[in-house]
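*Asks:* Mind looking over this structure? Questions follow.
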Amino acid sequence: MNIVKHGLAVLGLIAAPAFAAGQVSINIDAAKPGPIINKNVYGQFAEHLGTGVYEGMPAIPNTRGWRNDVVGALKALHVPLVRWPGGCFADTYHWRDGIGPQDQRPANVHGSTVDAINAVGTHEFFDLIDMLGADAYVNGNVGTGSVQEMSDWIEYMTADGGSPLARLRAKNGREKPFKVAFFGIGNELWGCGGNMKPEYYANLYSNYEAFLRAPAQSRPQMIASGGSGLETAWTQVLSKELKGRTTGISVHQYTVPTGSWDVKGKDLGFKEGEWISTLANTLKMDQLIKDHVVVLDKNDPEKKIGLMIDEWGTWYDEAGARSALFQQNSLRDALVAALNFNIFHEHAERVPMTTIAQMVNVLQAMILTDEEKMVLTPTYYTFQMYVPFQDAKSLPLAIKDNTSYTLGATTIPGVSASAARAKDGQMYLALVNTDPSKAVDVAVDVAGTKLKGAAGKVLTSAKMDAHNTFQYPQAIKPAAFSARAAGGKLSLKVPAKAVLVVALEE
Ligand code: AHR
């Protein structure tokens with residue numbers, strides 16, 4: 001039997017015999033808050049923004065090209081951070097092609113994709129960032145760029161005063177420097193970024209980083225591009241070689257239902273076997289973080305280097321040719337997002353930032369668009385329900401008598417949970433029931449507190465692949481949920497295949 005051990009560990013369980021039915025107990029210790037869950041854990045990745053958000057079509061109401069409907073919906077997620085322009089695209093992107101009058105910009109070629117107008121350049125990206133009230137995570141080009149080109153881009157964005165590039169920025173309409181919160185030096189250097197070895201990239205990083213000059217008060221936090229998945233070789237080399245010169249090492253981890261990149265699995269119409277394999281594969285995020293943290297703790301005991309999971313989410317076989325990497329998004333994706341959030345919260349100390357791939361129309365998107373139509377996905381709703389966890393204080397919790405969910409040779413924990421004290425002072429609890437058929441009863445106890453009740457939202461549906469379409473955009477959305485406590489203790493019935501987030505009434 002393939003027990004997903006790391007999932008059990010995340011939930012604070014000892015590998016005890018699983019209960020098929022009965023009550024799961026959650027004990028929260030509100031008196032001993034853990035680290036802050038950095039709001040940047042809820043970041044977004046937006047590669048090649050030509051599709052979906054930036055349309056500039058007169059028929060679609062927009063503000064300087066940015067769709068008002070999409071921007072409005074994203075605002076409700078309090079998007080803290082957006083990574084742009086890639087991904088693999090970053091290592092073919094030349095920033096000078098994306099400034100100045102749009103009708104005079106050269107095309108941008110990325111593999112077989114040609115962005116004929118290079119419409120979203122530096123100024124347009126920061127326009128979106130301003131509209132969202134988010135921070136910028138700009139990714140530079142190592143693969144086909146140069147130290148000089150990257151150094152110039154940093155100067156163009158951050159220099160104040162009379163530098164030639166600050167003057168060029170002003171000529172292009174922006175007097176004040178842009179605020180670049182994070183700057184990534186290349187992307188996936190082991191692959192699309194140049195097929196390098198970590199030692200070679202560590203030297204290149206040092207060379208690039210030495211010339212990325214910005215005024216001290218506005219110097220971006222520099223991110224080194226690390227490895228992929230559970231393999232820690234890149235983290236090992238980079239955390240040793242780049243100490244004091246990097247704020248974070250990135251790692252990418254996608255959830256592929258079959259575990260095979262050749263036939264990944266379908267976005268819709270899948271069987272229960274791919275429900276459980278997707279959730280089991282996504283729970284590997286916990287082991288991934290633990291393995292990388294062991295390396296970081298050895299090489300960086302001062303905890304100055306964060307693990308930045310700047311690409312994560314589901315990746316299915318492409319669903320038609322709407323746009324590159326387009327896939328539908330179902331209730332299964334909502335659970336994938338919630339399970340990952342619960343894992344990220346557990347590792348809040350070492351994981352200060354993640355950016356899901358990707359924001360609109362690509363991979364595990366928040367929003368899908370088709371010309372003037374827009375739908376919010378189940379993943380969107382998970383992000384929305386988890387907003388209170390941004391910058392909240394994590395609270396330790398223990399789960400007793402967890403259920404397990406088994407299909408064939410795979411078993412995963414039935415319930416995943418996370419608790420935090422939010423900035424609004426309220427305590428929040430997030431629960432996921434991974435079983436697609438059985439509801440689960442959960443008893444919640446907060447040490448030293450008499451709970452009065454709970455109120456929040458639940459996201460579930462009768463079908464595992466419930467999703468919203470342009471024709472039926474409201475097929476799945478969260479419903480109100482509330483429960484009363486008795487004797488200071490709370491009993492919640494979490495429906496099958498559900499994400500639930502409640503504020504606990506003390
Ligand atoms: O998110 C899609 C692609 O996946 C990114 O461009 C790349 O970094 C990764 O391989």
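The values are calculated or read from the model by the stated rules, or taken from the named source; none is laboratory data. What you see is a predicted model, and the numbers here were worked out from it, not measured in a lab. Cβ atoms come from the backbone with ideal geometry, glycine included; neighbour counts cover every protein chain shown. What goes into the accessible areas is simple: the full protein's heavy atoms, side chains included, and nothing from ligands, DNA or RNA. Shrake-Rupley method; radii C 1.70, N 1.55, O 1.52, S 1.80 Å.
*Asks:* Please tell me if Ala439 is touching a Pro at 6+ places or on another chain (Cβ under 9 Å) and more than 16 Å from Tyr381 (Cβ to Cβ).
*Replies:* Values: touching a Pro at 6+ places or on another chain (Cβ under 9 Å): yes; more than 16 Å from Tyr381 (Cβ to Cβ): yes.
So Ala439 passes the test.
*Asks:* Next question, about the same structure. Name the one entry in Asp135, Asp160 that is at pLDDT below 95, open to solvent by 30 Å² or more (accessible area, probe 1.4 Å) and under 24 Å from Leu81 (Cβ atoms). Break it down into steps so the answer makes sense when it comes.
*Replies:* Numbers: Asp135 fails: at pLDDT below 95.
Just one listed residue meets the conditions, Asp160.
*Asks:* Name the one entry in Phe182, Phe125 that is under 25 Å from Leu74 (Cα atoms) and either part of a helix (DSSP H, G or I) or open to solvent by 30 Å² or more (accessible area, probe 1.4 Å) (or both). I'd like the intermediate steps shown before the answer.
*Replies:* Details: Phe182 fails: either part of a helix (DSSP H, G or I) or open to solvent by 30 Å² or more (accessible area, probe 1.4 Å) (or both).
Only one candidate qualifies: Phe125.
*Asks:* Ok, one more. Kindly list, by first and then second residue, each pair from a residue in the range 467-483 that is within 17 Å of Pro495 (Cα to Cα) to a residue that is of a type in the set (Ser, Thr, Tyr), limited to pairs with Cβ atoms under 7 Å and residues at least 6 apart or on different chains.
*Replies:* Pairs that qualify, where the first residue is within 17 Å of Pro495 (Cα to Cα) and the partner is of a type in the set (Ser, Thr, Tyr), are Ile476/Ser461; Lys477/Tyr381; Pro478/Tyr381; Ala483/Ser491.
*Asks:* For the range 372-393, give me each residue that is open to solvent by 10 Å² or more (accessible area, probe 1.4 Å), part of a loop (DSSP other than H, G, I, E, B) and modelled with pLDDT of 95 or more.
*Replies:* Gln390, Asp391
*Asks:* Okay, next question. Determine the pairs where a residue that is in a helix (DSSP H, G or I), located within the range 281-298, has a partner that is open to solvent by 30 Å² or more (accessible area, probe 1.4 Å) and hydroxyl-bearing (Ser, Thr, Tyr) with Cβ atoms under 6 Å apart, the partner being 6 or more residues away or on another chain.
*Replies:* Partner pairs satisfying both residue conditions: Asp291/Thr232; His292/Thr232; Val295/Thr232.
*Asks:* Let me ask something else about it. Out of (1) part of a strand (DSSP E or B); (2) at pLDDT 95 or above, the odd one out for Thr369 is which?
*Replies:* (2)
*Asks:* Exactly one condition in (1) open to solvent by 10 Å² or more (accessible area, probe 1.4 Å); (2) within 16 Å of Arg350 (Cα to Cα); (3) among the acidic types (Asp, Glu); (4) within 16 Å of the ligand (Cβ to nearest atom) is not met by Asp262; state its number.
*Replies:* In the conditions (1) open to solvent by 10 Å² or more (accessible area, probe 1.4 Å); (2) within 16 Å of Arg350 (Cα to Cα); (3) among the acidic types (Asp, Glu); (4) within 16 Å of the ligand (Cβ to nearest atom), Asp262 misses (2) alone.
*Asks:* Quick one: how many residues across the range 193-216 are open to solvent by 40 Å² or more (accessible area, probe 1.4 Å), in a loop (DSSP other than H, G, I, E, B) and without any contact (Cβ under 8 Å) to a residue 60 or more places away in the chain?
*Replies:* 2
*Asks:* Please work out if Gln236 is touching a Pro at 6+ places or on another chain (Cβ under 9 Å) and away from the ligand (no atom under 16 Å from the Cβ). Steps first, answer last, please.
*Replies:* Details: touching a Pro at 6+ places or on another chain (Cβ under 9 Å): yes; away from the ligand (no atom under 16 Å from the Cβ): yes.
Spelling it out, Gln236 is indeed touching a Pro at 6+ places or on another chain (Cβ under 9 Å) and away from the ligand (no atom under 16 Å from the Cβ).
*Asks:* Same structure again: Could you please find all residues in the range 306-329 being over 15 Å from Met366 (Cα atoms), crowded, with 22+ Cβ neighbours inside 10 Å and either more than 15 Å from the ligand (Cβ to nearest atom) or among the hydroxyl-bearing types (Ser, Thr, Tyr) (or both)?
*Replies:* Gly306, Leu307, Tyr316
*Asks:* Kindly check whether there is at least one residue in the range 217-239 that is without any contact (Cβ under 8 Å) to a residue 24 or more places away in the chain and in a helix (DSSP H, G or I).
*Replies:* Taking the range 217-239 as the starting set, the residues that turn out to be without any contact (Cβ under 8 Å) to a residue 24 or more places away in the chain are 217, 231.
Those left that are additionally in a helix (DSSP H, G or I): 217.
Yes: the range 217-239 contains one or more residues that are without any contact (Cβ under 8 Å) to a residue 24 or more places away in the chain and in a helix (DSSP H, G or I).
*Asks:* Considering only the range 79-116, state which residues are surrounded by fewer than 17 Cβ atoms within 10 Å (Cβ to Cβ), assigned to a loop (DSSP other than H, G, I, E, B) and in contact with a helix residue (DSSP H, G or I) (Cβ under 9 Å, 6 or more places away or on another chain).
*Replies:* Passing the criteria: His94, Gly100, Pro106, Ala107, Gly111.
*Asks:* Please specify each residue of the range 247-274 satisfying the condition of being in a helix (DSSP H, G or I) and out of contact with any strand residue (DSSP E or B) (no Cβ under 8 Å at 6 or more places or on another chain).
*Replies:* Keep residues of the range 247-274 that are in a helix (DSSP H, G or I), which gives 272-274.
Of everything in the range 247-274, just one residue is in a helix (DSSP H, G or I) and out of contact with any strand residue (DSSP E or B) (no Cβ under 8 Å at 6 or more places or on another chain), namely Glu274.
*Asks:* With respect to Glu175, determine if the residue is among the acidic types (Asp, Glu) and out of contact with any strand residue (DSSP E or B) (no Cβ under 9 Å at 6 or more places or on another chain). So that I can check it myself, show each step before the final result.
*Replies:* Working: among the acidic types (Asp, Glu): yes; out of contact with any strand residue (DSSP E or B) (no Cβ under 9 Å at 6 or more places or on another chain): yes.
Yes, satisfied.
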